[in-house]
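Q: Have a look at the structure that comes next, please.
The values are calculated or read from the model by the stated rules, or taken from the named source; none is laboratory data. All of these numbers come straight from a predicted model, not from anything done at the bench. Here Cβ is always computed from backbone atoms with ideal geometry, including for glycine, and neighbour counts include all displayed protein chains. For the accessible areas, the whole protein counts, side chains as well, though only heavy atoms, and no ligand, DNA or RNA atoms are used. Shrake-Rupley method; radii C 1.70, N 1.55, O 1.52, S 1.80 Å.
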Amino acid sequence: MSFQVFGLPVSRGVAIGRAVLVASSRIDVAHYFIDEADVDQEAERLRLARDAVANELSTLQRDLPADAPPELSALLDVHLMLLRDETLVLATRQWIQDRHYNAEWALSAQLEVLARQFDEMEDDYLRERKADLEQVVERLLRAMARGPSTSYAPAPGVRPRDFAGEDPLVIVANDIAPADMLQFKRSVFTGFVTDVGGKTSHTAIVARSMDIPAVVGAREASHLIRQDDWVVIDGDTGVVIVDPSPIVLEEYRFRQRQSGLERDRLSRLRHTPAVTLDGERVELLANIELPGDAPAALEAGAVGVGLFRSEFLFMNRGGELPGEDEQFEAYRAAVEAMKGLPVTIRTVDIGADKPLDRMSANELRHEHALNPALGLRAIRWSLSEPGMFRQQLRAILRASAMGKVRLLIPMVAHLSEVRQALEAVARAKQQLLEAGKLCGDIEIGAMIEVPAAALMLPSLLKHFDFVSVGTNDLIQYTLAIDRADEAVAHLYDPWHPAVLKLLAQTIADARAAGKSVGVCGEMAGDPAFTDLLLAMGLRNFSMHPSRIAAIKQRILRADTRQLSPHVADVLRSDDPEATAERLFNRRAVAAE
Ligand code: PEP
Ligand code: MG
């Protein structure tokens, strides 16, 4: 039966595909595709884990003290029975074989299917066996974590699309950790739906960077949608239609074709310089997560990388951090791929909704710091790990000998942090010099993401060559809204007068000091803000490569001489969105 669920549209377009439910297990489960040739080996991992758990349970049962309550032995019997039940192991094997999921993912997918069957049982006793099943699966997952593992990523050159079956697939999950998103980035999925998350949660940002439709904050979606259901994800309106009727499906297929045509049209602007009607040159740069994203940035016509989110190099590594040489190779790869264009590398921004391991933002929020967004993240984390920080700085400085590299420090709020960070850079340079290693001229910039930094900009500017406004966090911290929390997502408002005032002031202060200023938050890639940002004096926008063409189109039609006089009116207004719409005479297009 067809039904709809609603969430926040975070990445435009329409996706149609079969649902792949990514279960949130109590223990950390990696999700990746395995190579065709590894199917048997993966099934063998599952078999070994089952044997190990069967042994464990039998030993436990054998060693039960004589006075142990009889229920305990009965419970172990139930666990052994569930373990041997073919609907668990055989069906899990089937997921490995048909979909090429890694064994852990296959097992959690099957758990999801069985858990629903238990939920629907009439008999209380049987329904309650779901908890036993979860425990058995947890034991199996732990056994697999101890046993031989497969490589985490698909083999080079393997395109999961080749083997993940005929139908397009969309992901449905409670939450997706940024590290898992990174894995999915190289894979087959054509859309995402999550129960939690806000418009600028990192899951949403990665979905946009993949340029695939996504809806987050859809609350019950992962409970209501079943494995393999047909799902339409409308990334423009936030509607998710499950089991659509043929007429609805046809309507959405038509929209898919239309957006394909629009995309082709925009891509023709690729090599046109971004110059306004009155001759103002605007730099459109790319935000990237991995060096492998650089070719797409070039292809989209970016004139450089405005934000390389280096923390993605630190994820999916089981807690082990990349060393200096490994980082250097990654930065060098990005610099070389950009063929002489500047690459802005941000030092690691770990913390808040970007944990080091695969924990999702939601789990992190509940299990660790009370307010992770206000906790040890970004430059605060780096300064608390001086060895790691200096390694990263050395790697970035070495890459600066290979091309034009700019260093960007995230979440600066205190002058003491500035002093410490700059001292660390100086020390790293000195170490390279002593080791006879090359290091180029490097500009150092600060991200303006905390109201404190925006308010004290003139003091900060004395220490930096440039600044880049991270509007995602600036909004979060100005409005006290956790950007990853769907419960307050309706209050996350880039049009809030306080946000716009801070933004305008930052651009004006930087320009007055003769320093370069850019915006690299999501506002830069949202055409609804292009005119206003141009009017405020912004000439440097950094965004996902997929957004560049649409923003360029706006810029080509803009005349800054006509736009600029209206800034004061917008900033004075109680409803800046409506005022901007009226004055700039354009329909604001939400997240085009
Ligand atoms: C921002 O905060 O706007 C930003 C660009 O950084 P991130 O989204 O990675 O926190
Ligand atoms: Mg930020």
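Q: For Cα pairs less than 8 Å apart in space and 6+ apart in sequence, what is the mean separation divided by the residue count of region 268-584, i.e. the relative contact order in percent?
A: Relative CO of region 268-584 lands at 19 percent.
Q: Considering lysine pairs in the chain that are 8 or more places apart or on different chains, how many have Cα atoms under 23 Å apart?
A: Count of close lysine pairs: 17.
Q: I would also like to ask the following. Based on the mean of other Cβ atoms within 10 Å per residue, sort peptides 296-303, 237-244, 526-533 so the most packed one is first.
A: Output ranking for 296-303, 237-244, 526-533: 526-533, 296-303, 237-244.
Q: Which one, 66, 573, 17, is farthest towards the positive end of the dipole of the chain when Lys and Arg carry +1 and Asp and Glu -1 on their Cβ?
A: Of the candidates, 573 comes out farthest on the positive side.
Q: At what distance in angstrom do the alpha carbon centres of region 520-590 and region 247-270 lie from each other?
A: 24
Q: Keeping all protein chains in the complex and leaving out DNA, RNA and ligands, what accessible area do you get for residue 516 with a 1.4 Å probe, in Å² to the nearest 10?
A: The value for residue 516 is about 50 Å².
Q: Over the chain, what is the mean sequence separation of C-alpha contacts under 8 Å (at least six apart), divided by residue count, expressed as relative contact order in percent? Don't jump to the answer; show the numbers that get you there.
A: Values: 1167 pairs, mean separation 88.8, N = 592.
For the chain, the relative contact order is 15 percent.
Q: Per-residue counts of other Cβ atoms within 10 Å, averaged by peptide: what ranking do you get for 224-231, 544-551, highest first?
A: 544-551, 224-231
Q: So with the 1.4 Å probe, I'd like the accessible area per residue for the chain, rounded to whole Å².
A: That works out to 42 Å² for each residue.
Q: Along the charge dipole of the chain, which of 439, 334, 95 sits closest to the positive end, that is, farthest toward it, with unit charges on the beta carbon of Lys, Arg, Asp and Glu (+1, +1, -1, -1)?
A: 439
Q: Counting only the heavy atoms of the protein chains, how much of residue 456 is accessible to a 1.4 Å probe, in Å² to the nearest 10?
A: For residue 456, the solvent-accessible surface is approximately 50 Å².
Q: About its Cα centre, how strong a charge dipole does the chain have in debye, to the nearest 20, once Lys and Arg get +1 and Asp and Glu get -1 at the Cβ?
A: 2820
Q: Report the FRET efficiency, 1/(1 + (r/R0)^6), for residue 267 and residue 556, where r is their Cβ-Cβ distance and R0 is 22 Å, rounded to 0.05.
A: 0.95
Q: Roughly how far apart, in whole Å, are the Cα centres of region 119-135 and region 272-333?
A: Their Cα centres are 49 Å away from one another.
Q: Suppose a student asked you for the relative contact order of region 396-503, using Cα pairs under 8 Å spaced at least 6 residues apart; what percent would you report?
A: On the way: 144 pairs, mean separation 27.4, N = 108.
Over region 396-503, the number comes to 25 percent.
Q: For region 268-584, with only Lys/Arg (+1) and Asp/Glu (-1) charged at the beta-carbon, what is the dipole magnitude about the Cα centre, in debye rounded to 20?
A: Magnitude of the dipole: close to 1000 debye.
Q: Go ahead and estimate [θ] at 222 nm for the chain from helices alone: -39,500 (n - 2.57) per DSSP H run with n ≥ 4, summed, over the residue count, rounded to 500.
A: -13500 deg cm²/dmol
Q: Can you tell which of 290, 484, 461 lies farthest toward the positive end of the dipole of the chain, using +1 and -1 charges on the Cβ of basic and acidic side chains (Lys, Arg; Asp, Glu)?
A: Result: 461.
Q: Same structure, new question: Taking the DSSP beta bridges in the chain as the whole, what percent of them are antiparallel, to the nearest 5?
A: 35
Q: May I pose another question? How big is the dipole moment of region 36-146 about its Cα centre under a simple scheme where the beta carbon of each Lys and Arg is +1, that of each Asp and Glu is -1, and everything else is neutral? Debye, nearest 20, please.
A: 320
Q: What part of the accessible area of the chain, given as a whole %, is carbon or sulfur when the probe is 1.4 angstrom?
A: 52
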